[in-house]
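Let me begin by presenting the structure, written as structure tokens, before commenting on it.
Read-outs: derived from the displayed coordinates by stated rules, not from any lab. Computed from a predicted structure; not experimentally measured. Note that we place each Cβ from the backbone using ideal geometry, even for glycine, and neighbour counts take in every protein chain shown.
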Amino acid sequence: MDQIVIQGGRALHGCIESSGAKNAALPLLAASILADGPVVYHRIPHLMDITTMMTLLSWQGSDITYDDQHRLHIDSRPASKPQAPYELVKTMRASSLVLGPLVARFGRARVSLPGGCAIGARPIDLHLMGLERMGAVVRMEHGDVVVEAPQGLLGAQIDFPQVTVTGTENLMMAAVLAKGTTILENAAREPEVVNLADALRQLGADIEGDGSSRVVVRGVERISGGDIHVIADRIETATYLAAGLITGGDVTVTDTDPTLLETFLEKIVEAGGNVECDEHRIRCYTSNRLRACDIQTAPHPGFPTDLQAQFMALMCIAEGNSVIAETIFENRFMHVQELCRMGADIHLDGHLATVHGVKKLSAAQVMATDLRASASLVLAGLAATGETTISRVYHIDRGYERIEEKLGKLGACIERRHENSDSGIRGVMLYA
């Protein structure tokens, strides 16, 4: 199992490019199932979750090619298997995103209940509720969700009792080929939802209201192929900006969009960091110790739950006490114990974490528990005195493309060690 090893205490400086957003790319790839023609995706990140989705679509029968320019070509016209078996989806919750497109195209689907990060209950009940409203029959069978709508889906009024990003995306895709008009109330407003709606419109869908809490989809008979562009990864962007701040450095991320990170950047300024932006670039730096400030995660445009762990790492060495409220996922504080192993002073009380800032962190052997928790441990390792070893880094490979190389370009001393049970370390990639 791979490990990441960091020699901490180096201030990071420099400029790197943002990758395409994983959380935008995954629903966009699922949408190819709907297209009556080839789709070319631009700026597809090279990540484990993307590979899993590509493998699934290929298994279903789609023709897929991926070139060295981050372009992915998918022709789903040959696809003939409206299924997503457990062996292919057990590591990735986003695999449920094929459910809506498969039912819309084939009138049926069989999808294994998905896996992914262990950050709390993330059921697809709302997805299934919406499909039932659209006339589908849903049943559970041997751990699989089986959905049938042999006469096709029908437009419907769907009121989400709580905001769901993947539920909004799944039902928006299902509604594209439905008969009649579908209205999604209390819909998610995340930029990734808007990216998906923009892409579907390019292919011929009739969608309006994305970016608001009320999305209207008027069904069409078909959508065609075309060229689709993935937005910048706002979570990756913020993580690298935080890497500069936690080390007392100066980092710029290009090929990104500051409007996607307004809430995060406001909190950085509140904490005493300096932020400079133009249309496609963000620079963050500080010459002083950050100040503690509170955050509460919330659906967009609130503070993203996917940045809670990284912001907590910043607050670990900030001056004063901060309170972090996690309102989205009930188990998303699993990084706290590992941060405390590195000298952080954090106390938990239900969905609240009180962080008492310390002057410095110390290196330790720690273990990643989920994707964003692993990013917080990397940030802590960059700031800590000594050598930090992070195990179970397959989590970070699900969402960060070439993280060692990018951090190495900024001056980090970081390496990935490849291990096996027989001979221990069998290879090292070092960036410094």
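Values for this structure:
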item	result
Choice from Gln69, Gln308, Gln162 showing the highest fluctuation, given a GNM over the chain with Cα pairs closer than 10 Å	Gln69
Assigned charges on the beta-carbon of Lys, Arg, Asp, Glu; the range 22-229 dipole about Cα centre (debye)	240
Loop-located GluC sites (Glu not before Pro) in the range 229-308 whose Cβ has at most 16 other Cβ within 10 Å (DSSP)	Glu279
Percent breakdown of C-alpha pair distances by 5 Å bin, ordered from the shortest bin, for the range 164-309	2, 9, 17, 17, 15, 12, 10, 8, 5, 3, 1, 0
Net dipole in debye of the chain [+1 Lys, Arg Cβ; -1 Asp, Glu Cβ; about Cα centre; nearest 20]	440
In Å, descending, principal axis extents of the Cα set of the range 142-250	60, 35, 30
Potential extension, Arg218-Glu87 segment - 0.36 nm per residue separation minus Cα distance	43.7 nm
Residue of Pro191, Pro78, Pro299 that the Gaussian network model of the chain assigns the largest fluctuation, springs spanning Cα pairs under 10 Å	Pro78
Ellipsoid equivalent to the range 22-229 - semi-axes via the Cα gyration tensor, in Å	22, 20, 17
Cut-off under 5 Å, modelled amide H: who pairs with Asp227 long-range	Val40
Interatomic Cα distance distribution for the chain, bins of 20 angstrom, percent	27, 55, 18, 0
Rh by Kirkwood over Cα pairs, then Stokes-Einstein D for the range 300-349 at 1.567 mPa s and 4 °C, µm²/s	112
Counted charge near Ala364, where neighbours are those whose Cβ lies closer than 12 Å (Asp, Glu -1; Lys, Arg +1)	-1
Most mobile listed residue (Ser224, Ser112, Ser18) in the chain, GNM with C-alpha springs under 10 Å	Ser224
